[in-house]
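> Have a look at this one.
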Amino acid sequence: QKEVEQNSGPLSVPEGAIASLNCTYSDRGSQSFFWYRQYSGKSPELIMFIYSNGDKEDGRFTAQLNKASQYVSLLIRDSQPSDSATYLCAVSPFSGGYNKLIFGAGTRLAVHP
Amino acid sequence: GAVVSQHPSWVICKSGTSVKIECRSLDFQATTMFWYRQFPKQSLMLMATSNEGSKATYEQGVEKDKFLINHASLTLSTLTVTSAHPEDSSFYICSARDKSGQVINEQFFGPGTRLTVL
């Protein structure tokens, strides 16, 4: 079992729709969770992070965390073509002493006009 | 704030040569820097964790004699790919953790270095 799993996609949504990206992790003791966006040929950029169970909203983005289910998701409201990118879920696992991030393979999002 | 630079942004070298990549935190002090490698259409794979003034911690399967890491100051870490071969061609990305950062394990990423070994 991979430490961090994501559906590779592509996830295709029409402009203005809600895009839902999902991530599961294996280390139950994981502490912090991050969503990064990566455009082709570029390095990742942080969208948001979450520590506590529940929802966290930042503009058009909402991160949701459920530690009991070991599940974290990212919702993008009013999706725009510029949101088309690969979204990486990253987890800070207990097994790493919370000193490193483990990345999922990423989900490719395509927002079409 | 929280800017990380990498140099060079791309490099092409012949097989058997060594290549050094620099990673700098420009506006903060980084006690810990990380080196990742990313092959096309794959995710970031952590290669090693670099702590200022001490030896790097390498992930399983990463050859420490091939990928030399030096973290001599709070703002600079270097990765040297020794005797590079075509299979080492990849996108190398560093990240840095702010010494005084408030977010647990938040990492700021450099723009990456694309290495092509002929």
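Derivation of every value follows stated rules applied to the coordinates shown; laboratory data play no part. Since the model is a prediction, treat every value here as computed from it, not as a measurement. Neighbour counts are summed over all protein chains in view; Cβ atoms, including those assigned to glycine, are modelled from backbone coordinates with ideal geometry.
> On average, how many beta carbons from a partner chain sit within 10 Å of the beta carbon of a residue in A:101-112?
Per residue, the average neighbour count from other chains is 3.
> A follow-up question, please. Give the calculated FRET efficiency between residue A:95 and residue B:55 to the nearest 0.05, with a Förster radius of 22 Å applied to their Cβ-Cβ distance.
My answer for the efficiency is 0.60.
> Does the range A:62-103 classify as rounded, prolate or oblate by the C-alpha gyration tensor (a ≥ b ≥ c root eigenvalues; a/c under 1.5 gives rounded; else a/b over b/c gives prolate, otherwise oblate)?
It comes out oblate by the Cα gyration axes.
> Okay, next question. Can you list the lysines whose alpha carbon is less than 25 Å from that of residue A:67, not counting same-chain residues fewer than 8 positions off?
A:2, A:56, A:100
> Using only alpha carbon pairs under 8 Å that are at least six residues apart, calculate the relative contact order of chain B and give it in whole percent.
37 percent
> Still on this model: Using alpha-carbon positions, what is the distance between the centroids of the range A:41-86 and the range B:76-118, in Å?
Using only Cα atoms, the two centres lie 24 Å from each other.
> Related question: Given contacts defined as C-alpha pairs under 8 Å and at least six residues apart, what's the relative contact order of the range A:1-56, whole-number percent? Write down the numbers at each step before the final one.
Details: 47 pairs, mean separation 15.2, N = 56.
Normalised by residue count, the contact order of the range A:1-56 is 27 percent.
> Taking the Cβ-Cβ separation of residue A:55 and residue A:8 as r and a Förster radius of 30 Å, what is the calculated FRET efficiency to the nearest 0.05? Each step should come with its number before you reach the end.
On the way: r = 25 Å, r/R0 = 0.83.
Taking R0 as 30 Å, the efficiency between residue A:55 and residue A:8 is 0.75.
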